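Before any comments, here is the structure.
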Protein chains: 2
Amino acid sequence: MLPGVTLTTVDTECFEAALAEARKGLDAGGVPVGAALQRDGRLVAVGHNERVQRNDPIAHGEMACLRNAGRLTSYEGTTLYTTLSPCEMCTGAILLFGIRRLVVGEATTFAGDLNVFRERGVEVVLLEDARCKSLMAEFQERYPDVWAEDIGQAPPAEAERLI
Amino acid sequence: MLPGVTLTTVDTECFEAALAEARKGLDAGGVPVGAALQRDGRLVAVGHNERVQRNDPIAHGEMACLRNAGRLTSYEGTTLYTTLSPCEMCTGAILLFGIRRLVVGEATTFAGDLNVFRERGVEVVLLEDARCKSLMAEFQERYPDVWAEDIGQAPPAEAERLI
C-alpha cells in the first residue's frame, strides 16, 4: 500500500471483497477486475468484469457492481472500491451517479484518469496494492488480446503491424 | 429534422430501429431511450433503456445496445444511433470503444455534451427529431422521479426543497 494511506476497517473489508471478486473473475477465465459499493459502513453490492463470461462488453467490474446494486435514488454517502483505475466508461458512470469517494487498488497496469475525479470533487484513495498489480499483470501477459478488447484497443499483434 | 441534415437509407432504417426501441421501452413502463449499432450497412444490434424493467441502472439505451452487440474486437466502421443525446456514462463507453460516428435523435430534453465527441474526432449528426422530443418530454412530465434517477439527479420535489 502507498505510504501515508490508511484505511478504516470498513474500507479494508470492502476492498478485500472487491479483490475477491477480481480473483473470481480470473478463476472463470475473465478479466480480473472487481468492485464493491459501500454505504454507511455496509456493503451494498459487489461485482466483477464479465466480458468473457457473459459476452458483455459493458460489464466492467465497476459497472457489474453498480448493476448488482440495482436502482438507487441517490448514491450519497457511498464509496466505490475497484481493484483497477477506472476506464472512461466507468469514470462516466461514477460521475453520472454522483459517487463521491473512490478507493482504487492500483493505477499502474492501467492508469485511467484519476485527476478527472479529483477535478470533480470526488475523493480518490489510491492504494497501489501489490496483489492487484500482479493479478492484472499476469492477466495482461497471458491474454493480451482480451485485455486490448476490454479497453477498446487494437490487439497487440495488429498494433505492431500498424506501426 | 434539422435543416441541412440528410440521412442515407441505411441511416434512416437504423435510426427508425432505435426509435422503435425507445417506444418499446415506454410501452413497458421504462425510460424511452433506444439505440442501434450499424456496421457496413448492416444493423448489428438494438437496445433500449431497462432501468425500470431490469432494475438495472447501467442499462441506458446505448449501453443496452452495446451489450446486445456482444464482444467485438473492434468498432471500426460502426455508427451508433441513439434517440437522445448521451449521458456521461454512455459518452465514456462510446469513446472507450472507439465508435467514430454518432447519430443523435435530439439534444433538447437532455443536452449531454456533444462537443466532447467532436473534440475527440467523432462525427456527430444531430437530428432534433420531433418524435424523439415528444416521447421524452411526455416521459419526463409523467415520471419526473424516474427520469431524475436515471441521470443521477435529486428527485424534483427534493431538489425544490433544497433551494
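Scanning segment A:25-37 for residues that are aliphatic (A, V, I, L, M) and in contact (Cβ under 8 Å) with a residue 40 or more places away in the chain yields A:Leu26, A:Val31, A:Val33, A:Ala35, A:Ala36, A:Leu37. Which residues, counting only those in segment A:1-39, are out of contact with any helix residue (DSSP H, G or I) (no Cβ under 8 Å at 6 or more places or on another chain) and modelled with pLDDT of 95 or more? The answer is A:Thr9, A:Val10, A:Asp11, A:Thr12, A:Glu13, A:Cys14, A:Phe15, A:Glu16, A:Ala17, A:Ala20, A:Lys24, A:Arg39. With respect to being touching a residue at least 24 places away in the same chain (Cβ under 8 Å) and among the charged types (D, E, K, R), A:Glu76 fits the description. Residue count for segment A:66-122 under the criterion of being part of a helix (DSSP H, G or I), open to solvent by 10 Å² or more (accessible area, probe 1.4 Å) and facing chain B (nearest Cβ under 9 Å): the result is 6. All of A:Val125, A:Val103, A:Val146 fail the test of being in contact (Cβ under 8 Å) with a residue 40 or more places away in the chain and under 23 Å from B:Cys65 (Cα atoms), apart from A:Val146. The residue pairs whose first member lies in segment A:38-60 and is on the phi < 0 side of the Ramachandran plot and open to solvent by less than 10 Å² (accessible area, probe 1.4 Å), whose second member is part of a loop (DSSP other than H, G, I, E, B) and among the β-branched types (Val, Ile, Thr), and whose beta carbons are closer than 6 Å, counting only pairs six or more residues apart or on different chains, are A:Asn49/A:Val31; A:Asn49/A:Val33; A:Arg51/A:Val31. If you go through segment A:125-148 and keep only what is outside any helix (DSSP H, G or I) and open to solvent by less than 30 Å² (accessible area, probe 1.4 Å), you end up with A:Val125, A:Leu127, A:Asp129. Residue count for segment B:39-60 satisfying the condition of being within 14 Å of another protein chain (Cβ to nearest Cβ), in contact with a strand residue (DSSP E or B) (Cβ under 9 Å, 6 or more places away or on another chain) and aliphatic (A, V, I, L, M): 3.
Listed by first and then second residue, the pairs linking a residue in segment A:1-24 that is in contact (Cβ under 8 Å) with a residue 40 or more places away in the chain to a residue that is open to solvent by 80 Å² or more (accessible area, probe 1.4 Å), with Cβ atoms under 7 Å apart and 6 or more places separating them unless they lie on different chains, are A:Cys14/A:Leu43; A:Ala17/A:Leu43; A:Leu19/A:Arg131.
The values are calculated or read from the model by the stated rules, or taken from the named source; none is laboratory data. Worth saying up front: this structure is predicted, and the values here are computed from it rather than measured. FYI the Cβ positions are ideal-geometry reconstructions off the backbone, even for glycines, and counts take in every protein chain you see. Accessible surface areas use protein heavy atoms only, side chains included; no ligands, DNA or RNA. Shrake-Rupley method; radii C 1.70, N 1.55, O 1.52, S 1.80 Å.
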